[in-house]
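Heads up, the thing below is written out as structure tokens.
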Amino acid sequence: MNPTPPPSLLIQIWVDIARANQYPEAQEIAIKKLLNFFDDLSHAELFLAKGTIKTSKRPVINSVSQVSS
């Protein structure tokens, strides 16, 4: 497993292609790309889920008054 995975968006694209059965050649390539960074497809999906959880915990600023506080 490579210690520095690519951006989450690229991982998501590879996962989507790997899960789709429409284009078998693209599916095979996407799986190979994912296996360069993760042990299997489920680990890539877990990585994406963890990233989603981390980003959803960030505070949301709704107004200028919250910025100056």
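The values are calculated or read from the model by the stated rules, or taken from the named source; none is laboratory data. This one's a predicted model, so the numbers in the text were calculated from it and none came from an experiment. Note: ideal-geometry Cβ built from the backbone for every residue, glycine included; neighbour counts use all protein chains shown.
Here's the yes/no breakdown for (1) of a type in the set (Phe, Trp, Tyr); (2) at pLDDT 70 or above:
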{"position": "Asn2", "(1), (2)": "no, no"}
{"position": "Pro6", "(1), (2)": "no, yes"}
{"position": "Leu9", "(1), (2)": "no, yes"}
{"position": "Ala20", "(1), (2)": "no, yes"}
{"position": "Lys32", "(1), (2)": "no, yes"}
{"position": "Phe47", "(1), (2)": "yes, yes"}
{"position": "Thr55", "(1), (2)": "no, no"}
{"position": "Val60", "(1), (2)": "no, no"}
| Among the residues of region 5-36, which ones are β-branched (Val, Ile, Thr) and closer than 16 Å to Leu48 by Cβ? | Ile11, Ile13, Val15, Ile17, Ile31
| query | For Glu25, which of the numbered conditions (1) surrounded by 10 or more Cβ atoms within 10 Å (Cβ to Cβ); (2) out of contact with any Leu (no Cβ under 9 Å at 6 or more places or on another chain); (3) at pLDDT 95 or above fails to hold? | reply | (1)
